Every structure is written in structure tokens, then in C-alpha cells.
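Reviewing the structure listed below.
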Amino acid sequence: MLWLLLLLLHIAAVICWCGSLLYLPALITGVFSDHEEQSHQALTFQIFTGVATPAALTAIVSGTALFLTSGIIDRWLILKLSLVVILVLCHALNGWILIRTEQALDKNLTLPCIAIGITAAIMIPAIVWIVLTKPF
């Protein structure tokens, strides 16, 4: 029963985290007028700190608890965790870009945001494929 609850928590957290990883780069590069820019930055920061980061931490903790309680240590899991590290890097880069935009250090971040979005869009289905097929 504990395993099922952990699995459901993990899946829900992963869905929230991955959705925010796909949404944040688009939200960061959004073009708004000067009047709306401050509220836009506040909304972006709230999504990052209030949704994406707690979902990421919940996904990582519940995923770790899942494979520790079930005793699974296979090659496919190592590959999956390696790809999850790339998602964590995408998350950290989103935070770094948010800090740079908040401090008005750089306003032209379209290319890095596109790179982060594409990387996340490739990693998410790759991780799902590895988990579902367990190729090794």
C-alpha cells in the first residue's frame, strides 16, 4: 500500500514539475508592455518557487523512496536518473535566468530559454520511455 501511495505522489509531482519546466521558458521570454512586465516577472517567480521547485523536490524524494523501498537497482534506473539530472539542470537554469531578468542584467534570453525548453521536451519522453520499457 505504501508503494502505491509513493507511486501516485511521484507521478503527480513529476507531472507538475515537467509541466512547469515546459511552461517556464515560454513564460520567461514572454513579451509584455512595461506596465505588465513587473506583474509578469512576479507571476513567473511565483510559478518557479511555488509550483516548480516544490514539485521537483517532491518528485525526487518520492522517487528515491520508491526505489529504496522496492529495492530496484537496475541499469535502466541508472540511465533514468542520469536523464533526471539533466532535468534538474534545466530547473536550475530556469532559476538562474529568472534571477538575471529580475536584476535586469539581461533582457535577451530567448535563445537560452529555447534551449532549455527543447532539452526538457526531449528528456521528458525519453525518461517516460525508459521507465515504461525498462530496456536493459
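Read-outs throughout are calculated quantities, based only on the coordinates presented, and are distinct from any laboratory measurement. Since we're looking at a predicted model, the values are computed, not measured. All Cβ positions, even for glycine, are placed from backbone atoms using ideal geometry, and neighbour counts span all protein chains on display.
Summary table below
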{"quantity": "Helices (runs of 4 or more DSSP H) wholly inside the stretch 34-136 that include at least 1 residues being free of Cβ contacts under 8 Å to residues at least 12 places away in the same chain, more than 29 Å from Met1 (Cβ to Cβ) and of a type outside the set (D, E, K, R)", "calculated": "34-47, 75-102, 110-133"}
{"quantity": "Pick from the stretch 42-62, criterion of a type in the set (S, T, N, Q) and surrounded by 19 or more Cβ atoms within 10 Å (Cβ to Cβ), ranking: nearest to Val88 (Cα to Cα)", "calculated": "Ser62"}
{"quantity": "Residue under evaluation Lys134, criteria (1) surrounded by fewer than 16 Cβ atoms within 10 Å (Cβ to Cβ); (2) closer than 12 Å to Ala26 by Cα, criterion not met", "calculated": "(2)"}
